[in-house]
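For reference, the structure discussed in these notes is given below.
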Amino acid sequence: MKNLIKKNLLIVALFFAVVTNATNINNNVKVTLINSKLIDLKLENSDGDLTISVIDAYGEILYTENFEGNYFSKKYDLNTLPAGNYYFEFEGETRINLMPFKVTSKGFEFKNQIESTFYKPIVRQEGDLVFISKTAFNKEDFEIYLYDNQLNILYQEKLKGDINLGKSLNLKNLTSGNYKIVMKSAGKVFEQKVYKEL
């Protein structure tokens, strides 16, 4: 059934246009209902390349597409979706915005607003030092794991209870080579490669 939904989720492109206005600091999203299950989604973007997805209540991605630019507009025909709760996910370079909606037997219900914003962790390496930071406005937990190239866990820690979470790791005592930092928060997983030089 899910495969059928994925294949049959009809997406009709309205148009793409790049606008040179990048003064917006947030994704401004507007959904207009055209008829019971046909919507027009428009957004202004200032968060780099976007991935726009339609996701069901179980976290299954039913449709996804990538977008580069500042202005996005597209029509979505939701007739193939069974009744249930869904959301649009707008993932940019620094944050993920979620807009919930509901499909009923009578049509489409939505509040036309972003329900939650999740900020991605930032990893910066300077020589042997790796700096990790995460803004957690909802005070979500933040787990950090460091793996070697054999996938052995070399370090792990859970940070919680604050809006600004951060950690620095020193790779000084490790052998030269590639390492991977895995970060988990609010059901999302992020990976970043780091390198220890001679």
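The values are calculated or read from the model by the stated rules, or taken from the named source; none is laboratory data. If you're wondering where the values come from, they're calculated on a predicted model, not measured in any experiment. Methodologically, a virtual Cβ is constructed for each residue, glycine included, from the backbone with ideal geometry; neighbour enumeration extends over all protein chains shown. Keep in mind that these areas ignore ligands, DNA and RNA; they rest on the heavy atoms of the full protein, side chains included. Shrake-Rupley method; radii C 1.70, N 1.55, O 1.52, S 1.80 Å.
Some observations on this one:
- Pairs with Cβ under 9 Å, 6+ apart, first in segment 83-100 and without any contact (Cβ under 8 Å) to a residue 24 or more places away in the chain, second open to solvent by 40 Å² or more (accessible area, probe 1.4 Å) and among the aliphatic types (A, V, I, L, M): L98/I114
- Qualifying residue in segment 7-27 (condition: open to solvent by less than 70 Å² (accessible area, probe 1.4 Å) and modelled with pLDDT of 50 or more): no
- One residue stands out in segment 53-68 among those that are farther than 22 Å from S36 by Cα and of a type in the set (F, W, Y): the one that is surrounded by the fewest Cβ atoms within 10 Å (Cβ to Cβ), namely Y58.
- All positions within segment 175-198 that are under 15 Å from L151 (Cβ atoms) and either part of a loop (DSSP other than H, G, I, E, B) or aromatic (F, W, Y) (or both): Y179
- Taken together, the residues in segment 42-65 that are part of a strand (DSSP E or B) and either over 24 Å from P82 (Cα atoms) or at pLDDT below 90 (or both) amount to 3.
- Taking segment 104-161 as the range and being small (G, A, S) and touching a strand residue (DSSP E or B) at 6+ places or on another chain (Cβ under 7 Å) as the test, the residues that pass are S116, S133, A136.
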